[in-house]
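Asker: Take a look at this one; I'll ask things after.
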Amino acid sequence: MTAALHVCRYCDESIPDPDDAVLVAHESGNSGPGWNVWAHRAHADLVEPDPAAVRILARVLLVQAMRS
């Protein structure tokens, strides 16, 4: 049995030790179930949200605020 390969979202390095891998998010896919986002235990607090998603959410919230 082979272990799943995880890549740290913060430093883009592989995480060879499964005990060091921390699930920090799940990103949805357009045509499928999406994928999990992993980080080293030491980097888990340093991972930031996707800036494109934050910009889109800000635009949606601005439009909603202007309508009300």
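Asker: Just wondering, is there one or more residues in the stretch 41-60 that are on the phi > 0 side of the Ramachandran plot and of a type outside the set (S, T, Y)?
Answerer: Scanning the stretch 41-60, I find no residue that is on the phi > 0 side of the Ramachandran plot and of a type outside the set (S, T, Y), so the answer is no.
Asker: Follow-up question, since we're still on this one. Testing A42 on (1) open to solvent by less than 50 Å² (accessible area, probe 1.4 Å); (2) in contact with a helix residue (DSSP H, G or I) (Cβ under 9 Å, 6 or more places away or on another chain); (3) part of a helix (DSSP H, G or I), one condition comes back false. Which one is that?
Answerer: (1)
Asker: Any chance the stretch 25-39 includes a residue that's on the phi < 0 side of the Ramachandran plot, surrounded by 10 or more Cβ atoms within 10 Å (Cβ to Cβ) and over 11 Å from the mean Cα position of the chain (by Cα)?
Answerer: No; the residues of the stretch 25-39 include none that is on the phi < 0 side of the Ramachandran plot, surrounded by 10 or more Cβ atoms within 10 Å (Cβ to Cβ) and over 11 Å from the mean Cα position of the chain (by Cα).
Asker: Which condition from (1) open to solvent by less than 90 Å² (accessible area, probe 1.4 Å); (2) among the acidic types (D, E); (3) part of a helix (DSSP H, G or I) is the one that D19 breaks?
Answerer: That leaves (1) as the condition not met.
Asker: Could you list, in sequence order, all residues of the stretch 24-48 that are touching a residue at least 12 places away in the same chain (Cβ under 8 Å) and over 14 Å from V7 (Cα atoms)?
Answerer: Answer for the stretch 24-48, where residues must be touching a residue at least 12 places away in the same chain (Cβ under 8 Å) and over 14 Å from V7 (Cα atoms): E27, L46.
The values are calculated or read from the model by the stated rules, or taken from the named source; none is laboratory data. As the structure is a prediction and not an experimental result, all values here were calculated from the model. For neighbour counting, all protein chains shown are included, and Cβ atoms are generated from backbone atoms with ideal geometry for every residue, glycine included. Side chains are part of the model used for accessible areas, which takes the heavy atoms of the whole protein and leaves out ligands, DNA and RNA. Shrake-Rupley method; radii C 1.70, N 1.55, O 1.52, S 1.80 Å.
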